[in-house]
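Have a look at the structure below before the remarks.
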């Protein structure tokens, strides 16, 4: 991890504020790259995620007993946004007061509150980008945060998914290269079908170069402006790795 827990929490707070500013008055805007979702659906999803993270950390157990995070939000725009605000406040308060090393259920291998601090920082970052991309210009992503977001994607999202638990990985290799500072990754599929990701310079079957911020959302299958990226080698391999994202 390249960022401290305090830095991740600061990022979470900042991206919650940016998300909230973006969605206000825009809940009915469609998000074409997220299927049939509108900004309203994204707001509900993120609010539910906040509820899950808060409950997992508050329960301080390796077993997850609470399902209240799946409850339907109230009807009406104002009520929905108030519901979201309550959950955003709760997750920030919960994570800020938690011992990062405290036991907490997760859907991945790590079973501590630190997992949720990092996971919420990056999930909120990406969904803030989603909301802004649907509504208007997207805000810049800090380089160090973006690098950690790619690392976290490789460690968590790429390997653990309830929506796509049986996905397979492309046969060809992919090299990502940040152009605005340090950051290189090699994605490859091992002989047994498992994925390997190393932080190194190398020659993949495909390579994608761009800012760390653009790479962080591109690898999560978001529609980054092609003018901001350079693709080398087998473009089909690059597209296949992008499509792996849940």
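The values are calculated or read from the model by the stated rules, or taken from the named source; none is laboratory data. Just so we're clear, the structure is a prediction, and the values are computed from it rather than from any experiment. Every residue, glycine as well, gets a Cβ built from its backbone with ideal geometry; the counts of neighbours run over all protein chains shown.
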### Query
Has segment 19-28 got any residue that is in a helix (DSSP H, G or I), free of Cβ contacts under 8 Å to residues at least 60 places away in the same chain and within 15 Å of residue 142 (Cβ to Cβ)?
no
### Message
Exactly one condition in (1) surrounded by fewer than 23 Cβ atoms within 10 Å (Cβ to Cβ); (2) touching a helix residue (DSSP H, G or I) at 6+ places or on another chain (Cβ under 6 Å); (3) modelled with pLDDT of 95 or more is false for residue 114; which is it?
### Response
(2)
### Task
Would you check if there is a residue in segment 158-168 being under 29 Å from residue 200 (Cβ atoms), out of contact with any helix residue (DSSP H, G or I) (no Cβ under 6 Å at 6 or more places or on another chain) and free of Cβ contacts under 8 Å to residues at least 24 places away in the same chain?
yes
### Message
Based on this model, can you work out whether residue 75 counts as part of a helix (DSSP H, G or I), out of contact with any strand residue (DSSP E or B) (no Cβ under 9 Å at 6 or more places or on another chain) and assigned by TED's automatic domain parsing to the domain that holds residue 22?
### Response
no
### Message
over 19 Å from the mean Cα position of the chain (by Cα) and part of a helix (DSSP H, G or I): which single residue out of 81, 42, 92 fits that description?
### Response
81
### Query
With respect to the numbered conditions (1) assigned to a loop (DSSP other than H, G, I, E, B); (2) modelled with pLDDT under 95; (3) under 17 Å from residue 126 (Cβ atoms), which one is the sole condition not fulfilled by residue 223?
(2)
### Task
Look at segment 127-139 and say how many of its residues are surrounded by fewer than 19 Cβ atoms within 10 Å (Cβ to Cβ) and modelled with pLDDT of 95 or more.
3
### Message
I want to confirm something. Restricting to segment 232-246 and keeping residues that are buried (at least 16 other Cβ atoms within 10 Å of the Cβ) and touching a helix residue (DSSP H, G or I) at 6+ places or on another chain (Cβ under 8 Å), which single residue is nearest to residue 168 (Cα to Cα)?
### Response
245
### Task
Looking only at segment 202-221, decide whether some residue is surrounded by fewer than 19 Cβ atoms within 10 Å (Cβ to Cβ), closer than 26 Å to residue 109 by Cβ and within 19 Å of the chain's Cα centre (by Cα).
yes
